Structure formats: C-alpha cells, structure tokens
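Asker: I am attaching a structure below and will ask some questions about it afterwards.
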Amino acid sequence: MKFSEMPYARPDIGALLAQCSALAQKAEQARSGEELVALYYEQSSALAGYTTAANLASIHYTCDTRDPYWSAEQDFFDQNGPSVTNATVGIYRAILASPHLDALTEAFGSTCVPGMKNAVLAMDDRVLSLQQEANAISSAYQKLYGGALVEMDGRQLTIPQLGPYRQSLDPAVRRAAFEAEAGYFDAHRAEFDDLYSRTVKNLNEQARILGYRDYSELSYVRMNRIGYGPEEIRSFREQVARDVVPLLKTIIQRRARRAGIERPTFADLNVAFADGNPKPIPGYDERMAAARTMYHELSAETAEFIDFMQENDLFDVLSRPGKASGGYMTILPDYKAPFIFANWNGTSADVDVLTHEAGHAFEGYLAARDEKIPADLECPGMESAEIHSMAMEFLTAPWHHLLFGKDTDKYSLLHAEDSFIFLAYGCEVDEFQQIMYQKPDLTPDERNQVWLELERKYRPWIDFDGLPFYGRGAGWQRQLHIYECPFYYIDYCLSTMAALQFFLLTLKDPKDAWQRYLRLVRRGGLASYTELCRTAGLRTPFEEGSVKAIAQPVADWIDAHQL
C-alpha cells in the first residue's frame, strides 16, 4: 500500500490500556514456559495498531510542523504515549514475576529479559505527568527549529537549505550562511535556553523519583544499554580524545591545504577540495533510479527491499519550509513498511542520509518479515541499530559512481574523513550531556562555556573567528538529539567503530563484508551490541587499545588516497 493511501484514526486509548491489563493478568496465569513464550508474542504484537497510528501521525507532523491537524495529533500522542508505555511496563512486570521466565531467554536470546527489566526500572506511573511534559518540550523544540526561515541570497531558506552555501568556494558566502543560521538561533536565544533548562529539570526530576542520582544515570537504563555502562563509555571517550583526536588534527590540516585555505576558521571546515566538494547527481527521480540499480546489484534481499520502498512511496526527502530538521527511519507495523524522512539540500550529505536511513529501513524490512522475531525485539539497542545504517554507507561504495559520476573518488575520500572526524564530535556531545545533568544549575552562559572547553578537548583545531552563536559556545543547540533524545548520540560513535571496520573489510573483500553484515542484521534485536559485533567478527571499542587499532588503518587509508 502506498503511504498516501494508509488510513489514519486516533486509537482508543482506554481500550488499549484495558487490553494491556488483560495481557498482564494472562502473563500471571501462564502455566508453562511455552505459554509464557506464546504470551510474549501476543503482547508484542498487541500494540501494532497503536504504533502504526502514532508513527503515521509523527511522520505527517514532521513533514509539516505547521499543519494544525497533525500538530494536534502529535499533541495527542505526546499526552497519551506515556500511559501506553507504562501499561506495557505492567505486562513486563507480570512476565518477570513468572517462574517460567527462563523460557524467554531460551526462545529469544540474551536481550529479552534484560530489556524488560530495564523498561520496568525506567518507567512507572509516578513520572507520567513529567513524561507528558517532556514530550511537549521536545515537540516545542522541533517546531521552533523546524519553523526556522532565514534570509540568504535574496531568498527565504530553511536551515537544511543553507547546506550548499556553507560549502561555497567563496569564503564570504560561507561566512554569510553561518551568520544567517546564527541569526535565527540568536534571535530565539531565550526560547532555546528555556527549553533546555526545562528538559534538564524535567528529566532529572524523573530520575530522582525513580531512585536515580540524575538523568545521566537513568539514561543508561532507558537507552537499554546491555553489557556496559558509564565507565566503559568514559574509557571509550578518553581513548578517542587520546588516540583519535591527534590523527584528526593531521587530517583537518591536510584537508585545509588541499582546499587551498591557509587559515581555516569554523566557517571553512566544510570545504574539502579546492574545486568544490563532491556533488551528487541532481534530480529526485534520477537519484531514486540510481538507488534502485545500486540495491538491485548489491543483493537479492536489497533488490526486494528497494522495490517495496519505491513502489509504495515510502520516502519524504526534499527540504521545504515547515518541515522538521534532520532525518530518520520509522516503521509502520501494520504494513511491515519502513518510512524514510530526510532533508536533501544538494550536497553529498543527501547520499549519506539516503544510504544511512536505508540501512535502518533494510533491517526493519527484514525483521518485520521474520515470524520468529517478536515485534518488540525486531530492532536492537540504538548503538547496534546504528551499525545497520552507518555500515550501509560504506557497503554501497562500489555503486556510489551511480550517484556521483566524476566526483566519486572525491566522495569516497570525503565520506571516510567525515565518518572518522565524527567520532570526536559525537564523544563531545555525550560528555557535554553528562556534565549538564550532573550540574543542572549551570546558567545558559555556563553551559556554553562547558561546550567551548569540550571543543578544545575534542576539536582543538576550531577557530570560531568571532562567529555569532557558535563563537559564544551555543552551537550545541542545533543538535536536535540533545533536546529530543538525550544520550542517544554516543550510540553513533559506538556504531561508527563497527562501521569503520566494515569499511576496511569492504576494501579487502566486498562479498565477505556483505555476508558479515547480513548475519548481523538478521539477528534483529535478539543480541546485544557486543554479541552483534562478534557475529560479524568485529572488535568492540571498550577494550583498551581497540580504538587505536581500528582508527590507525582508517587514517592510513585516508593518507594514501589524497587527491
């Protein structure tokens, strides 16, 4: 069914909560492991209709945050979503109390029971009103950011549409693009500051009520991190600061020389080549045709996947006024249909987001068709789910010429550099949030000062050169994850460590790399991050020295492939 034909109706929340209550009672009465496994399948599929409706509303709302109907529907789910989540937790409590619990581990692997335990530890009715408020704050940020229009080149542009100007070969144009964006954030400074203050206060209060020190502690439970904790992440960040940042400084210096920029400032860092950055072929239809060829030639599984996605119009990727920023993939369970949302702006990032979100969508497509995997175990934790997407960016490399033509070699180098450089920024975002929730009384100016200090730790090459907004240390406010899904960002870093290994594997043997990836993807959410890495024969980044062992070969490849 095409996306435009998918019907929408508000779900009956009362009936859904009653169904959850009945399922909890049924779990209490399970007389054997077989009955408990059957009950788990039943409860897992019970919310399919609700999830489909919620995700349809979210897609329509993010496609136009100004639409009053879909804004109201988003408000409805912001208000009722916590009640549904907590009712689900009630089912989990009953399942966890069953004497037959071990049957679930035997049936579904190592993540099912710990995942339910994390859900129980992370939610209950005492924080219901706070959860509703947090949803409303997140939607307010989304609307404030998504509604941004700035003056540039005599036109009113969205923030994503500034992308090509930020990569202009004219330094004055680049600077003007960053100043135009900065002007919007500075004009709404009080609103962005207030929304974040309210976010920190709200989530820390939820943590306190649930028995945690602060939200930085609770977040590990809500993100369903299995097999590692804050200490492993701290060690990982320090490895990046010690072993990766020095390599990145060399890469940044070399890139500036390659681009012919003697003294690069922050506004110059997006320019990677003297004759301009690689540009993908123009035209939505042309790109979609290239994607179809790419995925048809990659494998039989991806051929079936891309046909389904394109024939059912499951993409909205063009930027326009009122559209929320960023990109995502979500799933519509009733139709076993992934949906890809993005904001193309004519830069190479368009291909990044296409292959990235297609990686998420491909895993979702396969998992939805695997009857052995319960619906709520179709996707692993986010640090693992991002392997699906970030690895796909590299696994499609043999076909990138279809999207870049003569600029293919430039894109290959730029993509490897940017993926590597991202590690430092992602760790910076994570450490920043750690400090924010552990020191919730910081003023807005003090928050910005912390960001500037972390910039010196993780990105010491940056010179803001008096740039407004960014220069005062507020650049973190454009990172939507910090407001909308706190502590998600380190997941990208963990997955990057896996994706870079897929990059190196692809250079040696693309077919072997693809088979490793397919084994990993087919496990869905039935395995933890470390187990999934082992499935594909990858190293995890928690062991001392592992980050350097992965990073150095990538840096060597970048050094050997300068243009």
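The values are calculated or read from the model by the stated rules, or taken from the named source; none is laboratory data. Keep in mind it's a predicted model, so treat the numbers as computed, not measured. Because the Cβ atoms are built from the backbone with ideal geometry, glycine has one as well, and the counts that use them run over all protein chains shown. Heads up: the accessible areas ignore ligands, DNA and RNA and are worked out on the full protein's heavy atoms, side chains in. Shrake-Rupley method; radii C 1.70, N 1.55, O 1.52, S 1.80 Å.
Asker: Of all the residues that make up the range 262-296, how many are assigned to a loop (DSSP other than H, G, I, E, B) and over 11 Å from residue 169 (Cα atoms)?
Answerer: Filtering the range 262-296 down to residues assigned to a loop (DSSP other than H, G, I, E, B) leaves 262-265, 269-283.
With the extra rule that they be over 11 Å from residue 169 (Cα atoms), the set shrinks to 262-265, 269, 278-283.
The total comes to 11.
Asker: Of everything in the range 301-319 that's open to solvent by less than 10 Å² (accessible area, probe 1.4 Å) and more than 15 Å from residue 352 (Cα to Cα), which residue is nearest to the chain's Cα centre (by Cα)? So that I can check it myself, show each step before the final result.
Answerer: To start, the set of residues in the range 301-319 that are open to solvent by less than 10 Å² (accessible area, probe 1.4 Å) comprises 302, 305-306, 309, 314, 317.
Next cut, more than 15 Å from residue 352 (Cα to Cα) only: 302, 305-306, 309, 314.
Details: 302: 21, 305: 21, 306: 21, 309: 20, 314: 19 Å.
Applying the filter and picking the extreme gives 314.
Asker: Output the residue which, of all residues in the range 88-102 that are without any contact (Cβ under 8 Å) to a residue 40 or more places away in the chain and in contact with a helix residue (DSSP H, G or I) (Cβ under 7 Å, 6 or more places away or on another chain), is least open to solvent (accessible area, probe 1.4 Å).
Answerer: If we filter the range 88-102 for residues that are without any contact (Cβ under 8 Å) to a residue 40 or more places away in the chain, which is where we start, we get 89, 92, 96, 99.
In the following step, the residues that additionally are in contact with a helix residue (DSSP H, G or I) (Cβ under 7 Å, 6 or more places away or on another chain) were identified as 89, 92, 96.
Numbers: 89: 4, 92: 30, 96: 42 Å².
The residue in question is 89.
Asker: Can you work out which of the residues in the range 518-532 that are more than 16 Å from residue 359 (Cβ to Cβ) and of a type outside the set (Ser, Thr, Tyr) is surrounded by the fewest Cβ atoms within 10 Å (Cβ to Cβ)?
Answerer: Across the range 518-532, the extreme among qualifying residues is 531.
Asker: Now for a separate question. So which residues in the range 171-183 are touching a residue at least 40 places away in the same chain (Cβ under 8 Å) and open to solvent by 50 Å² or more (accessible area, probe 1.4 Å)?
Answerer: Listed by number, the residues that qualify are 171, 175, 179.
Asker: To continue, here is another question. Quick one: count up the residues across the range 535-563 that are under 25 Å from residue 375 (Cβ atoms) and loosely packed, with under 14 Cβ neighbours inside 10 Å. Reasoning before the result, please.
Answerer: Taking the range 535-563 first, the residues under 25 Å from residue 375 (Cβ atoms) are 535-536.
Within this subset, residues satisfying the condition of being loosely packed, with under 14 Cβ neighbours inside 10 Å are none.
Number of matching residues: 0.
Asker: Looking at 281, 331, which is the one that is hydrophobic (A, V, I, L, M, F, W, C) and touching a Pro at 6+ places or on another chain (Cβ under 9 Å)?
Answerer: Values: 281 fails: touching a Pro at 6+ places or on another chain (Cβ under 9 Å).
Answer to the check: 331.
Asker: Taking the range 51-69 only, how many residues are of a type in the set (Phe, Trp, Tyr) and touching a residue at least 24 places away in the same chain (Cβ under 8 Å)?
Answerer: The qualifying residues number 1.
Asker: Also: Test each condition in (1) touching a helix residue (DSSP H, G or I) at 6+ places or on another chain (Cβ under 6 Å); (2) open to solvent by less than 10 Å² (accessible area, probe 1.4 Å) for residue 322 and report the one that comes out false.
Answerer: Evaluating residue 322 over (1) touching a helix residue (DSSP H, G or I) at 6+ places or on another chain (Cβ under 6 Å); (2) open to solvent by less than 10 Å² (accessible area, probe 1.4 Å) leaves (1) as the failure.
Asker: Can I ask one more? Quick check on my filter: what residues within the range 367-412 are polar (S, T, N, Q) and closer than 15 Å to residue 499 by Cβ? Explain how you work it out, then say what you get.
Answerer: Residues of the range 367-412 polar (S, T, N, Q): 384, 389, 396, 408, 412.
384, 389, 396, 412, listed by residue number.
Asker: Considering 52, 85, which residue is within 21 Å of residue 18 (Cβ to Cβ) and surrounded by fewer than 20 Cβ atoms within 10 Å (Cβ to Cβ)? Spell out how you get there, then give the answer.
Answerer: Details: 52 fails: surrounded by fewer than 20 Cβ atoms within 10 Å (Cβ to Cβ).
After ruling out the rest, the residue left standing is 85.
Asker: Going by the conditions given, is residue 197 surrounded by fewer than 20 Cβ atoms within 10 Å (Cβ to Cβ), in contact (Cβ under 8 Å) with a residue 40 or more places away in the chain and outside any helix (DSSP H, G or I)? Show your work before the answer.
Answerer: Values: surrounded by fewer than 20 Cβ atoms within 10 Å (Cβ to Cβ): yes; in contact (Cβ under 8 Å) with a residue 40 or more places away in the chain: yes; outside any helix (DSSP H, G or I): no.
Judged against the criteria, residue 197 is not a match.
Asker: I would also like to ask the following. Quick one: which residue in 364, 405 is surrounded by fewer than 18 Cβ atoms within 10 Å (Cβ to Cβ) and more than 24 Å from residue 177 (Cα to Cα)? Don't jump to the end; show me each part of the working.
Answerer: Numbers: 364 fails: surrounded by fewer than 18 Cβ atoms within 10 Å (Cβ to Cβ).
From the options 364, 405, the qualifying one is 405.
Asker: Here's a check for you: in the range 340-365, which residue that is touching a Gly at 6+ places or on another chain (Cβ under 8 Å) and in a helix (DSSP H, G or I) is farthest from residue 413 (Cα to Cα)? Outline the logic, then answer.
Answerer: Going through the range 340-365, the residues touching a Gly at 6+ places or on another chain (Cβ under 8 Å) turn out to be 340-343, 345-347, 349, 353, 356-357, 363.
Applying the additional criterion that residues be in a helix (DSSP H, G or I) yields 349, 353, 356-357, 363.
On the way: 349: 14, 353: 17, 356: 17, 357: 21, 363: 27 Å.
The qualifying residue farthest from residue 413 (Cα to Cα) is 363.
Asker: Read through the list (1) surrounded by fewer than 21 Cβ atoms within 10 Å (Cβ to Cβ); (2) closer than 21 Å to residue 356 by Cβ, then give the number of the only condition that residue 508 fails.
Answerer: It fails just one condition, (2).
Asker: Anything in the range 149-170 that is surrounded by fewer than 17 Cβ atoms within 10 Å (Cβ to Cβ) and in a loop (DSSP other than H, G, I, E, B)? List them, or say none.
Answerer: Passing the criteria: 149, 153, 154, 169, 170.
Asker: Given 393, 371, which one is over 23 Å from residue 1 (Cβ atoms) and out of contact with any strand residue (DSSP E or B) (no Cβ under 6 Å at 6 or more places or on another chain)? Write out each step before concluding.
Answerer: Working: 371 fails: over 23 Å from residue 1 (Cβ atoms).
From the options 393, 371, the qualifying one is 393.
Asker: From the list 186, 170, 193, exactly one residue is at pLDDT 95 or above, among the charged types (D, E, K, R) and touching a helix residue (DSSP H, G or I) at 6+ places or on another chain (Cβ under 7 Å). Which is it?
Answerer: On the way: 186 fails: touching a helix residue (DSSP H, G or I) at 6+ places or on another chain (Cβ under 7 Å); 170 fails: touching a helix residue (DSSP H, G or I) at 6+ places or on another chain (Cβ under 7 Å).
Step by step, each of 186, 170, 193 is checked, and only 193 is at pLDDT 95 or above, among the charged types (D, E, K, R) and touching a helix residue (DSSP H, G or I) at 6+ places or on another chain (Cβ under 7 Å).
Asker: Right, another one. Out of the residues in the range 116-125 that are modelled with pLDDT of 95 or more and surrounded by fewer than 20 Cβ atoms within 10 Å (Cβ to Cβ), which is farthest from residue 24 (Cα to Cα)?
Answerer: 121
Asker: Here is a further query. What's the number of the condition residue 441 fails, among (1) in contact (Cβ under 8 Å) with a residue 60 or more places away in the chain; (2) open to solvent by 10 Å² or more (accessible area, probe 1.4 Å); (3) not aliphatic (A, V, I, L, M)?
Answerer: All conditions are met except number (1).
Asker: For the structure I just gave you, tell me whether residue 212 is assigned to a loop (DSSP other than H, G, I, E, B) and not hydrophobic (A, V, I, L, M, F, W, C). Steps first, answer last, please.
Answerer: Details: assigned to a loop (DSSP other than H, G, I, E, B): yes; not hydrophobic (A, V, I, L, M, F, W, C): yes.
Taking the combined requirement at face value, the residue satisfies it.
Asker: Look through 188, 100 and report the one residue that is under 18 Å from residue 44 (Cβ atoms) and not hydrophobic (A, V, I, L, M, F, W, C). Spell out how you get there, then give the answer.
Answerer: Details: 188 fails: under 18 Å from residue 44 (Cβ atoms).
One residue alone meets the criteria, 100.
Asker: Another question, if that's okay. Please verify whether the range 293-300 includes one or more residues that are open to solvent by 30 Å² or more (accessible area, probe 1.4 Å) and under 21 Å from residue 492 (Cβ atoms). Walk me through how you get there before you give the answer.
Answerer: Initial filter on the range 293-300 (open to solvent by 30 Å² or more (accessible area, probe 1.4 Å)): 293, 296-297, 300.
Still in the running and under 21 Å from residue 492 (Cβ atoms): none.
No, that holds for no residue.
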